[in-house]
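The values are calculated or read from the model by the stated rules, or taken from the named source; none is laboratory data. These figures come from a predicted structure and were not determined experimentally. Counting neighbours? That spans all protein chains shown, and the Cβs are built from the backbone with ideal geometry, glycine included.
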Amino acid sequence: MVNTLEELNRGLYGNNLITHDIYHKKIQTFNYDYHESYGDHYHTEHNDGAKATTNFMKPIAYYEDTGKHLSDFPMAKLMSVVDTQAVHNDYEFTKPEDILPNRTSQRAQLANNHLLLSVPGQTRMNVGNMITFNVPLQRKVAHDKAQETNPYYSGRYLMLSLKHKFDIPNQKHTMNIRAVKDSTFTDLPQGLDEVTVLTDKKDAVNLYEEDERA
């Protein structure tokens, strides 16, 4: 189940980071945009090993009244961190703006699109492995036709947890797997076209008077 309001509050779509460099006495502000930054990082789905750029798990859809979408609101989550340099001779820490904004968004993404499986046991499987799972498409299928797979939620999943179950009397080994994906197998449709055209406000009309005139 997806809670868009909670995702906004957790900084999935956008967040704002303020860094205070006490060494150079400098304050900087960085805005994170989920859709613009998507192609800068690796995801469960990829493009022949390269970073994918358009298979967002969260689609782009503009609000008709403002012309903006959900990732245009970085102030939904505010963060601040103290940064410094020259702590240990020439060693420098990784800049917070290179890690924290995307980390915050990806941690929020891990709360959704979970896949729960109970499968035959395999001791070579580990948490962090990638698995491939084809989700059946929920539609009627003729008896002589093959079952189609869901074009969005099928594909590669990251294993979050793994529990082995050994049934000694019945000589049975099973696994309970929880996996997650943060990108779609096929690009989602983008809601960038206007569905309705907004017009200027008009004076109130008395329907009873209009009926009498007709």
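Filtered by the rule that a residue be under 14 Å from the mean Cα position of the chain (by Cα) and part of a loop (DSSP other than H, G, I, E, B), region 165-189 gives Lys181, Asp182, Thr184, Phe185, Asp187, Leu188.
Residue-wise test of (1) buried (at least 18 other Cβ atoms within 10 Å of the Cβ); (2) among the small types (Gly, Ala, Ser); (3) modelled with pLDDT under 90; (4) more than 17 Å from Leu110 (Cα to Cα).
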| position | (1), (2), (3), (4) |
| --- | --- |
| Asn3 | no, no, yes, no |
| Ile18 | no, no, no, yes |
| His24 | no, no, yes, yes |
| Tyr32 | yes, no, no, yes |
| Glu36 | no, no, no, yes |
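Determine whether region 137-148 contains at least one residue that is assigned to a loop (DSSP other than H, G, I, E, B) and either modelled with pLDDT of 90 or more or closer than 30 Å to Thr29 by Cα (or both). No, region 137-148 has no match at all.
Considering region 5-16 alone, what residues qualify as being loosely packed, with under 12 Cβ neighbours inside 10 Å and not aliphatic (A, V, I, L, M)? So that I can check it myself, show each step before the final result.
Residues of region 5-16 that are loosely packed, with under 12 Cβ neighbours inside 10 Å, as a first pass: 5.
Matches in region 5-16: none.
Among the candidates Asp90, Asp72, Asp48, which residue alone is of a type in the set (D, E, K, R) and more than 30 Å from Pro151 (Cβ to Cβ)?
The conditions single out Asp90.
Residues in region 15-59 that are touching a His at 6+ places or on another chain (Cβ under 9 Å) and closer than 26 Å to Val82 by Cα: Lys26, Ile27, Gln28. Residues that are touching a residue at least 24 places away in the same chain (Cβ under 8 Å), buried (at least 16 other Cβ atoms within 10 Å of the Cβ) and over 23 Å from the mean Cα position of the chain (by Cα) are absent from region 46-66. Per the listing Leu162, Leu100, Leu158, Leu116, the residue uniquely outside any loop (DSSP other than H, G, I, E, B), loosely packed, with under 10 Cβ neighbours inside 10 Å and not aromatic (Phe, Trp, Tyr) is Leu116.
Among the residues of region 49-56, is there at least one that is at pLDDT below 80 and either touching a strand residue (DSSP E or B) at 6+ places or on another chain (Cβ under 6 Å) or assigned to a strand (DSSP E or B) (or both)? No - not one qualifying residue is present in region 49-56.
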